[in-house]
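The values are calculated or read from the model by the stated rules, or taken from the named source; none is laboratory data. These numbers were taken from a predicted model, which means no experiment stands behind them. FYI the Cβ positions are ideal-geometry reconstructions off the backbone, even for glycines, and counts take in every protein chain you see.
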Amino acid sequence: MIVFKSFLRVLNKNKAPVILFTVMLVIFGVINFTSNDSTDVFTSSRPDVLIVNKDVNEGITKTFIDYISKRAEIIKLSDNESIDDALFYRNVNYVIYIPLGFRDDIINGNKPSLEVKSTGDYQASLAQMMVNKFLRVVNVYSGDFNDEWQLINYVNSTFSNETNVEITSKLDVDSLSRMATYFNFMNYTMLAGLVFVISIVMTSFKNVNISKRTTMGSMSYRRVNMYLLLSNLVFALVFWLVCMILSFVLLGDILFSLHGVMYIVNSFIFTIVSLTIALLIGNLISNKNAVNGIVNLIALGSSFLCGAFVPVEFMPKSVVNLSRVFPSYYYINSNELIKSMEVVNFESLLPVFKNIIFMLAFVVLFVILINVVSWKKRRFA
Amino acid sequence: MKKVIEVSNLTKEYKSVRAVNDISFDVYEGEIVGLLGPNGSGKSTTINSILSLLSFSKGSIKIFGEEMSPNLYEVKRNIGVVFQDVAVFDELSVLENIDYFCGLYIKDKSVRKEYVEDAINLVGLLDFKKFYPKQLSGGLLRRLNIACGIAHKPKLIFLDEPTVAVDPQSRNNILDGILKLRSEGATIIYTTHYMEEVEILCDRIIIMDKGSIIASGTSDELKELANIEEKVSVHISELSDEVIEKIKSLKNVEEVNYNGDVLVVIYKKGEDNLVKLMDFLSKNKIRYDKIFSERPTLNDVFLELTGKELRD
Amino acid sequence: MFIHNFKYSLKTLFKDKILIFWTFMFPIILGTLFSLAFSNIEDSEKLKVIDIAVVDNGNVVFKNVFDSLSDEDSDDRLFNVRYVSEEEAIKLLESEKITGYVLAQVKPKVVVSNNGINETVLKYVVDEIIEYQSIVSNFLASSMHEIRLEDIQMSEFVLDIYSEVSKKMNEEVNIHDISSENLSYTMIEFYTLIAMTCLYGGIFAVVSINNTLANMSFKGARVSVSPTSKKIVILSRLLASYVIQLLGLVILFLFTIFVLDVDYGNDLSLVVLTSLVGSLAGLSLGVFVSSIFKSSENTKTSILIAFTMAGCFLSGMMGITMKYVVDSKAPILNKINPAAMITDAFYSLYYFTTRDRFWFNIISLVIFSVILIVVSIFSLRRQRYDSI
């Protein structure tokens, strides 16, 4: 009890930075989560297109705009700078500038021309395909039909035939990837939160311990450490619980699905991993000032390299291979596996179990290291 | 004699607490004045007020005859301060630390070099010149702290508890250094709660409690304030109440205390008190381990004046 | 006195290993992480060759189209196609070996497992085949009255139209791409990194001010009782802080330019100006934090770091979209966020050809710095304190 009380006391003493840090993490998590929502490229197959029409909004020009609107998300922005901004930040993938006389060119059987701005990514390629197709079809007809009404009819009838597409998957991709986003970000939250708080407490404890040694004289070093470990464990669990409560608030009852439960279990295992990492670091460093640097290095480093912020499939192979040395890789890998899991059964969960075993292996490794470090420190202190 | 510091009616209030309550005192050239008092008695507040670090509610402070203010650089040039806490740069070596702080007072590089050497010699850190603070023991660190405060050869030196938590060797070095500074003509204000140091060093002592000066004077003058002449302590393992009563009735005895282990007999005046007590004890066949006589200490004075111990 | 203080300030700050780590090493490590994580992201967002299957049932049109789109030598290659039976196609789809498969029949059908870009591309191509048929039949219908059956063989006529349509469909269209070449949005990450370094540099100012104020440290008290004016001590120390800050920034610039290949646009003098002003903002932030808050140095640096991190987060360090979202939804937030101002200044230099926006950011940074410094001066001017 004395140890736990001291733990709380130390925590209380450092409450300013601890609260600051926790609030920051929560805000980061929420903002990151809510803003990511709209930009998830995987669920959308409609590119974001912006049309600047200098021509009349009638006849074949209108047909063109309608054609694009039907197949793309139309973004509306007025001034040039906002358009350029939107293009740079990929809020718009493709900008089409329709020049004055576009309509007349088509009616007169001339080849119309367009100016475009493109981000060059696959969304933009898709938009490019659309525009190309329209211009070609118009091109085919306009030579032979110069009656605009007839032309429009033919163009529309051509595009009215769509392929029948069947989707085999029954997955709720949208909410699953929302969950994956949240839990992937938790990699950062967990590591940063636990490493920060626990190392602050551990470094302070080393000082408190000296004066406390007399009052806890009856307790062996081993027991003090044991209680300290327990206190940290309790803290880690509380921190994890807070993250879970937040996830319920943000995600709702989809967490009660089989997929949701898997995410929760996975994050729990990772909490244990983070705890041991935090303890190891708390044991290694004795300078409180160094805590901030180490926290950011570990939390940001492994989050970036293992795909908590940027999906792994976007990263070079060599980096992904390198990231296997971090436990975060296995945690995030499991999240991604769960995201695309059609049926949850033993067979499909096998790779997830494998990842859990890897994470537990890290726990064992870190516990051994913690013991080695604290044993060495005691001997050579 | 020239007055170096004149403090009159100094009062300093924090929110609701009066940390220093209407105190006045003077310090004369060449004196070592001890400022004595328990923690929180207002010693540091007084010194910080004199140094213009703290604002104060009432009173006036003159140093070298001038009203003290933060911009009085000519006066400040002649003051040296050694604070309670070690205030040195961990990133600078012993030599660099002293040179840096000395440089805030002395512009001339060659003069400074000489002064820094003198300071290093004074505190005996010659062998540690190139060391960094982290490599120094507590005592050596304190010495460095002092060197940083006095390297510019000030005429007026404030030493705020310079010997807290210091090993005996360093303590002797520090005390010797202080006496040497005085012999070179410096006036020194010394705060501490080690009474022995005050008795060795100080020409005059000011005792503070709860923000007020409760007594001042030389060590002997102060001791006269305490109604004690002699204090005899005897280690006795067993003593009956009857015997204690008998001792109380002995000649010159003022007070008798027995805590089951040590018998303390306080005499107001008289001679041969110790011999008489020993006679009495042997007559009554009382065996004792140790017996010694003490002159009253400043602690006794403080106890007498405030009813509490100087050091808690 | 100024030189003396300046010299020793440089020495103390330089030897503070934790400080140097924060301002010199941390950004370099973080930058390396960024470059590792992002080096591929823009390439991987380009359309890749899509694996598909066609259940062709001997349909020549489909085979022609998909073969030409799967031509390995073509720059416009879209697909990697295999012709299989339906059972096999289902298996391939289940094992995620293909994006989807096409059932080539009179009314063609596409089967995919998910929504997505690749799936949409596949659908578009099949759409095009249908559209072809539609065009040909439209032409047929409109030309019907010209046909005299005795003159021409029907199939020949259809083939004529077909080749005519094909020819026209394959003509180049006039689309001019006028987008800027500098569209690499991952650059923002590195700009936030520079912003972070500028603001973190404020730590030097925090330490310097803390060592100068009597109510913050005994070292400060020591300085205060000396006959050196506070103004000189503070200015010399801040100048030393600024110099070290800039040195760290120079190292970071060299590293990002020569090792990480970051593009800062073409105007070097304006890049230098941005760094100078950005560092000034960091410096004034440090001065502000250390003179306004009366707490331990540790807490002050925590506040500075938290502020910097939050600022960089809003400027897009942990996701570039964040900057755009804030800029468009709550622009005021980034108008007062120095990290966003610095990031946006670099962005303007890199992306825009006009300089209005750049100067707006520079002026905002100057105003930010001036406000903080003026507020700090009120607190710094005090020489006597109520308590220390």
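Worth a mention:
- B:K58 fulfils the conditions (1) surrounded by fewer than 22 Cβ atoms within 10 Å (Cβ to Cβ); (2) within 19 Å of C:R382 (Cα to Cα); (3) within 11 Å of chain C (Cβ to nearest Cβ) except for a single criterion, (3).
- Odd one out for C:L140 among (1) more than 7 Å from chain A (Cβ to nearest Cβ); (2) touching a residue at least 24 places away in the same chain (Cβ under 8 Å); (3) not β-branched (V, I, T): (2)
Per-residue answers, yes or no, for (1) within 12 Å of chain A (Cβ to nearest Cβ); (2) within 19 Å of C:A205 (Cα to Cα); (3) of a type in the set (D, E); (4) buried (at least 17 other Cβ atoms within 10 Å of the Cβ):
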{"site": "C:V271", "(1), (2), (3), (4)": "no, no, no, yes"}
{"site": "C:S275", "(1), (2), (3), (4)": "no, yes, no, yes"}
{"site": "C:V287", "(1), (2), (3), (4)": "no, yes, no, yes"}
{"site": "C:S290", "(1), (2), (3), (4)": "no, yes, no, yes"}
{"site": "C:S296", "(1), (2), (3), (4)": "yes, yes, no, no"}
{"site": "C:T301", "(1), (2), (3), (4)": "yes, yes, no, yes"}
{"site": "C:M309", "(1), (2), (3), (4)": "yes, yes, no, yes"}
{"site": "C:G316", "(1), (2), (3), (4)": "yes, no, no, yes"}
{"site": "C:G319", "(1), (2), (3), (4)": "yes, no, no, yes"}
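- Restricting the first member to the range A:290-310 and to residues that are within 9 Å of another protein chain (Cβ to nearest Cβ), and the second to residues that are hydroxyl-bearing (S, T, Y) and not in a helix (DSSP H, G or I), no beta-carbon pair is closer than 7 Å while six or more apart or on different chains.
- Only helices (runs of 4 or more DSSP H) whose full extent lies in the range C:170-252 are considered here, and the ones with at least 1 residues that are within 14 Å of chain B (Cβ to nearest Cβ) and surrounded by 24 or more Cβ atoms within 10 Å (Cβ to Cβ) are C:202-210, C:218-224.
- C:I28 meets the stated requirement of being under 30 Å from the mean Cα position of the chain (by Cα) and more than 19 Å from A:V310 (Cβ to Cβ).
- Within the range C:84-115, the residues that satisfy the criterion of being free of Cβ contacts under 8 Å to residues at least 40 places away in the same chain and either part of a loop (DSSP other than H, G, I, E, B) or over 41 Å from the mean Cα position of the chain (by Cα) (or both) are C:V84, C:S85, C:E86, C:E87, C:E88, C:S95, C:E96, C:V106, C:K107, C:S113, C:N114, C:N115.
- Of note, B:I106 does not satisfy the criterion of being assigned to a helix (DSSP H, G or I), farther than 19 Å from B:Y190 by Cβ, of a type in the set (V, I, T) and within 14 Å of chain C (Cβ to nearest Cβ).
- Of residues in the range C:36-54 being of a type in the set (G, A, S) and at the interface with another protein chain (Cβ under 8 Å from one of its Cβ atoms), the one nearest to C:V125 (Cα to Cα): C:S44
- When residues of the range A:335-364 are limited to those that are among the small types (G, A, S) and part of a helix (DSSP H, G or I), the one nearest to A:C306 (Cα to Cα): A:A361
- Residue match in the range B:33-48 (condition: at the interface with chain C (Cβ under 8 Å from one of its Cβ atoms) and surrounded by fewer than 19 Cβ atoms within 10 Å (Cβ to Cβ)): no
- Filtered residues of the range B:226-241 (kept if in contact with a strand residue (DSSP E or B) (Cβ under 6 Å, 6 or more places away or on another chain) and surrounded by fewer than 17 Cβ atoms within 10 Å (Cβ to Cβ)): B:S233, B:H235
- The requirement of being outside any helix (DSSP H, G or I) and either crowded, with 23+ Cβ neighbours inside 10 Å or modelled with pLDDT under 90 (or both) is fulfilled somewhere in the range C:362-382, by at least one residue.
- Filter result for A:I332 (under 17 Å from A:L191 (Cα atoms) and either touching a helix residue (DSSP H, G or I) at 6+ places or on another chain (Cβ under 7 Å) or not in a helix (DSSP H, G or I) (or both)): yes
- Enumeration of residues in the range C:1-23 that are part of a helix (DSSP H, G or I), at pLDDT 85 or above and surrounded by fewer than 22 Cβ atoms within 10 Å (Cβ to Cβ): C:F2, C:I3, C:H4, C:F6, C:K7, C:L10, C:K11, C:F14, C:K15, C:I20
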